[in-house]
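Got a structure for you, questions after.
The values are calculated or read from the model by the stated rules, or taken from the named source; none is laboratory data. Quick caveat, the model's predicted, so the values are computed rather than measured. Please note: Cβ atoms are built from the backbone with ideal geometry, for glycine as well, and neighbour counts cover all protein chains shown.
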Amino acid sequence: MKRVDDFRLRLGKHELVPIMIGGMGVDISTTDLAIEAARLGGVGHISDAMINTVADRRYNTKYVKEKLAIYKYNVNNEDKSAVKFDLGIVAEATRLHVDSAMSRKQGSGLVFINCMEKLTMNAPRETLKVRMTAALDAGIDGMTLAAGLHLGSFGLIEDHPRFRDAKLGIIVSSVRALQLFLKKVARTNRLPDYVVVEGPLAGGHLGFGMDWAQYDLATIVAEVMQFLKNEHLDIPVIPAGGIFTGTDATQFLEAGAAAVQVATRFTVAKECGLPEKVQQEYYRASEDDIEVNQISPTGYPMRMIKSSPAIGDGIRPNCEAYGYLLDANGKCSYVAAYNREVAAHPGARKVSVPDKTCLCTHMRNFDLWTCGHLTYRLKDTTHKLADGSYQLLSAEHIFKDYQFSTDQKVALPEPVAA
Ligand SMILES: Cc1cc2nc3c(=O)[nH]c(=O)nc-3n(C[C@H](O)[C@H](O)[C@H](O)COP(=O)(O)O)c2cc1C
């Protein structure tokens, strides 16, 4: 009987354990988690989401405070178009983060960065170019383009000396999105090194509408592989979303996938950036506690635990400090929704905003609990302790469980005292 370890992912000269831990934004997939995947011979991701904010927390910079000091005058202004990021600082923050991972990386695996196009940062092209360029400058092994079609992204870095040597991949949820991307990048004479096909059970933002439940990962993966075959394109395909056991992963590898991308199982790893209190919420969640909703200002549906404090909250927008979701015109749909509620409730000390969330503030504070659909199975991967909490796992334990398990089994960790 085959297991994941019987397969290898080949990316250029690298031969890897075919397990990729997906990027989880705002430092949920930490550098610690990413370098653990690399040490074990697979691929880990860091994320450049809210990079200035992450740098402040991790590297003692003061980027957010400094930005707020410049734009404080604008806090009560509905028009946020003046609130710009300093591109030099975005580059510096990105370099700090990438360098922290690359300088500590050991083993034969790789560390990639997840780069979301929907983080438009009030100057989409300029900020994306700086983020990608700085990550390449700082020596990242590769970059996974996410949350968007990224039709212009290769073009933004085509003159970079590492454009052809760094591994570049894209996340798609349909053949159509892949076709569009390939058509656009043909001009740069460079194909992606891998394609992550993300199905409807993934965590974070979804590349589907609210009819997500009608789609099925295996079907989309088969369609993408058939399309690539018809086009005589040899690009590794990496399914993601709802691959919970080594057996699930092996089934995709046997069907021709090059590797799998997984994330949810690692949300309860000690190396994961979620605070332990939140990790316990993930463990406790039942299937009914998880929903896909449309409160993200990105416009993409997002999966989350229904009891996330962010849902329905009406915090004042913090764009002067954050502002990562401001579009090219300085607009964010949360700002509009918040102002609508304030206008509708004159004199109220606090409003509730049911239809949108201040994603920046809430992701920063770990009170928007995005998760994969199979989060409700996490409790079956560990021990319940005497105090009612669940035992956290090591990333190594989870990684090796994917790598070596068979028969839909999940290995439990060595029990510890509560
Ligand atoms: C907590 C969490 C946060 C995530 N954040 C991001 C993100 O910032 N960018 C992204 O491209 N994907 C994100 N994802 C998706 C994962 O990278 C991955 O593709 C997917 O969740 C895999 O499915 P699984 O969680 O069922 O294993 C996130 C997933 C989770 C669980």
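Has the stretch 355-367 got at least one residue that is of a type in the set (A, V, I, L, M), in contact (Cβ under 8 Å) with a residue 40 or more places away in the chain, buried (at least 21 other Cβ atoms within 10 Å of the Cβ) and away from the ligand (no atom under 16 Å from the Cβ)?
No: zero hits.
Same structure again: Which of the residues that make up the stretch 391-402 are crowded, with 20+ Cβ neighbours inside 10 Å, of a type outside the set (F, W, Y) and in a helix (DSSP H, G or I)?
Quick first cut of the stretch 391-402, residues crowded, with 20+ Cβ neighbours inside 10 Å only: 393, 395, 398-399, 401-402.
After this cut, where a residue has to be of a type outside the set (F, W, Y) as well, the list is 393, 395, 398, 401.
A395, I398, D401, listed by residue number.
Another question, then. Given the structure, is D288 surrounded by fewer than 17 Cβ atoms within 10 Å (Cβ to Cβ), in a helix (DSSP H, G or I), free of Cβ contacts under 8 Å to residues at least 40 places away in the same chain and away from the ligand (no atom under 16 Å from the Cβ)?
So D288 fits the description; yes.
Hey, another quick one. Please go through (1) under 23 Å from E126 (Cα atoms); (2) of a type outside the set (F, W, Y); (3) not in a strand (DSSP E or B) for V224 and return the number of the only condition it doesn't satisfy.
Checking V224 against (1) under 23 Å from E126 (Cα atoms); (2) of a type outside the set (F, W, Y); (3) not in a strand (DSSP E or B), the one that fails is (1).
Right, another one. Y300 fails exactly one of the following numbered conditions: (1) touching a Gly at 6+ places or on another chain (Cβ under 8 Å); (2) hydroxyl-bearing (S, T, Y); (3) in a helix (DSSP H, G or I). What is the number of that condition?
Going through the list (1) touching a Gly at 6+ places or on another chain (Cβ under 8 Å); (2) hydroxyl-bearing (S, T, Y); (3) in a helix (DSSP H, G or I), Y300 breaks only (3).
Where in the stretch 62-138 are there helices (runs of 4 or more DSSP H), lying wholly inside it, with at least 2 residues that are within 16 Å of the ligand (Cβ to nearest atom) and under 21 Å from the mean Cα position of the chain (by Cα)?
Passing ranges, in order: 87-104, 124-137.
Follow-up. Being out of contact with any Cys (no Cβ under 6 Å at 6 or more places or on another chain) and either within 19 Å of D27 (Cβ to Cβ) or surrounded by 17 or more Cβ atoms within 10 Å (Cβ to Cβ) (or both): is that true of G139 here?
Here the answer is no, as G139 does not meet what is asked.
Give me the strands (runs of 3 or more DSSP E) completely within the stretch 6-51, filtered to those with at least 3 residues that are more than 10 Å from the ligand (Cβ to nearest atom), ordered by residue number.
Fully inside the stretch 6-51 and qualifying: 9-11, 14-16, 43-47.
Something else: Looking only at residues that are surrounded by 23 or more Cβ atoms within 10 Å (Cβ to Cβ) and among the hydrophobic types (A, V, I, L, M, F, W, C) in the stretch 148-170, which one is farthest from G109 (Cα to Cα)?
F154
Separate question: Residues being under 20 Å from A135 (Cβ atoms), assigned to a loop (DSSP other than H, G, I, E, B) and away from the ligand (no atom under 16 Å from the Cβ): count how many of those fall in the stretch 147-190.
Going through the stretch 147-190 one residue at a time, the tally reaches 12.
Ok, one more. Please pick out the residue among Y300, Y283 that is touching a strand residue (DSSP E or B) at 6+ places or on another chain (Cβ under 6 Å), at pLDDT 95 or above and farther than 18 Å from G25 by Cβ.
Answer to the selection: Y283.
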